[in-house]
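Asker: What follows is a single structure, and I will ask about it in a moment.
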Amino acid sequence: MEVPKIFESEYRFCLILWENEPVNSGKLVQIAREQLGWSKATTYTVIRRLCERGVLKNENTIVSSLVSKEEAQRSRLEEMVKETFEDSMPAFIAAFSRSKKLTRQEVDQLKELIDRYEEE
């Protein structure tokens, strides 16, 4: 299943939802006001749009996700690699490792991921 596009502000909203779900839409309005500075109308608009795209469901004022945080993160990463690095994971990793000093543990984790990938 392809994950529907989630824009940056929607993703920040989803982070709140994933932490609190299932949650009453009124409570979600309150949290979005506190953490994002959103109005009630903005929150309900985002909930409606995300429901229309199949990211959330809102049943009897209880909002929950249809897309997990991990699925959304994977989709956003794939999109970024495709658009920014011409769909080249090595180019992405090279750029990332030049901008952030990797710890020995992180290097070992990356090697382990590559080894597991080769075994599949």
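Asker: Count the lysine pairs in the chain whose Cα atoms sit under 16 Å apart, keeping only pairs 8 or more residues apart in sequence or on different chains.
Answerer: 7
Asker: Please work out how much length the chain gains when fully extended from ASN58 to GLU2, using 0.36 nm per residue of separation minus the C-alpha to C-alpha distance, in nm with one decimal.
Answerer: 18.1 nm
Asker: Continuing with the same structure: May I ask for the Kirkwood hydrodynamic radius of region 8-69, worked out over all distinct Cα pairs and given in angstroms to one decimal?
Answerer: Radius from the Kirkwood sum: 11.1 Å.
Asker: Calculated FRET efficiency, GLN35 and PHE96, Cβ-Cβ r, R0 30 Å, to nearest 0.05?
Answerer: Using R0 = 30 Å, I get an efficiency of 0.60.
Asker: Please give the FRET efficiency for GLU19 paired with GLU119, using the beta carbon to beta carbon distance and R0 = 25 Å, rounded to the nearest 0.05.
Answerer: 0.10
Asker: Pick from ARG33, ARG98, ARG48 the residue whose mean-square fluctuation is largest in a GNM of the chain, springs joining Cα atoms under 10 Å.
Answerer: ARG98
Asker: Would you please report the Å³ per residue occupied by the convex hull of the alpha carbon atoms in region 52-120?
Answerer: With only Cα atoms used, region 52-120 gives 152 Å³ per residue.
Asker: Oh, and also: For the chain, take N as its residue count and report Rg(C-alpha) divided by 2.2 N^0.38 Å.
Answerer: Expressed relative to 2.2 N^0.38 Å, the Cα Rg reads 1.32.
None of the figures in this text is laboratory data; all of them are computed from the coordinates on show. These numbers were taken from a predicted model, which means no experiment stands behind them. Backbone-built Cβ (ideal geometry, glycine too); neighbour counts: all protein chains shown.
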